[in-house]
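Reviewing the structure listed below.
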Amino acid sequence: MGMKKVVANPVELRDAIRCEKKTISITSGFAKMIEPLIASQTKSTQQAKELPTFVKLALDPQTMNTLFTSYQVEQQDEVKGLELKYVGV
């Protein structure tokens with residue numbers, strides 16, 4: 001079982017995705033912000049355009065693509081935030 005990477009902002013998320021961490025736990029307000037994007041069944045870069053600029057700067061299209069294709073939502077919880085599991089392609 002690999003280490004869980006806890007992230008609280010887009011830069012930490014980007015780095016975790018690039019390192020292909022097996023489990024990424026997104027906490028705090030950042031989880032609430034990005035949860036609709038990740039939980040959506042129709043994952044698209046169109047939705048990403050609605051994210052705040054600082055998020056889009058960190059999560060470039062390649063990183064977003066990896067997030068959409070290689071991770072799935074393991075659990076989501078109002079308190080704990082959002083947990084993603086790496087599934088690969």
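The values are calculated or read from the model by the stated rules, or taken from the named source; none is laboratory data. As the structure is a computational prediction, the values presented were derived from the model and not from experiment. Cβ: placed from backbone, ideal geometry, glycine included. Neighbour counts: every protein chain shown. Just the protein is used for accessible areas: all its heavy atoms, side chains included, with ligands, DNA and RNA removed. Shrake-Rupley method; radii C 1.70, N 1.55, O 1.52, S 1.80 Å.
If I ignore ligands, DNA and RNA and count only protein heavy atoms, how much of Thr53 is accessible to a 1.4 Å probe, in Å² to the nearest 10?
90
Could you order the peptides 24-32, 76-84 from most to least packed, using the average number of other C-beta atoms within 10 Å per residue? Before the final figure, lay out the partial values.
On the way: 24-32: 17.9, 76-84: 15.1.
Those peptides, ordered most packed to least, come out 24-32, 76-84.
Contour minus end-to-end for Lys49 and Asp77, with contour as 0.36 nm per residue of separation and end-to-end as the Cα-Cα distance?
Values: separation 28, 0.36 × 28 = 10.08 nm, distance 2.46 nm.
Taking 0.36 nm per residue and subtracting the Cα distance, the gain is 7.6 nm.
Scan [x] 56, 29, 15; [y] 34, 29, 24; [z] 34, 31, 19 for the value of Cα extents along the principal axes in Å calculated from this model and give just the label.
[y]
Over the range 4-86, what percent of the accessible surface lies on carbon and sulfur atoms, probe 1.4 Å? Could you put the intermediate results ahead of the total?
Numbers: 2390 of 4760 Å².
C and S fraction of accessible area: 50 percent.
Top mean-square fluctuation among Glu74, Glu50, Glu12, Gaussian network model of the chain, C-alpha springs under 10 Å?
Fluctuation is largest for Glu50.
Counting only C-alpha contacts under 8 Å and six or more residues apart, can you give the relative contact order of the chain as a whole percent?
After rounding, I find 33 percent.
With n ≥ 4 as the cut-off for DSSP H runs, can you work out [θ] at 222 nm for the chain, using -39500 (n - 2.57) per run divided by the number of residues, rounded to the nearest 500?
Values: 5 runs with 41 residues, N = 89.
Taking each H run of at least 4 residues, the total per residue is -12500 deg cm²/dmol.
Cα-Cα over 20 Å: which of Lys56/Lys85; Lys32/Lys85; Lys49/Lys85; Lys5/Lys32; Lys22/Lys80?
Working: Lys56/Lys85 22 Å; Lys32/Lys85 17 Å; Lys49/Lys85 24 Å; Lys5/Lys32 17 Å; Lys22/Lys80 18 Å.
Flagged as over cut-off: Lys56/Lys85; Lys49/Lys85.
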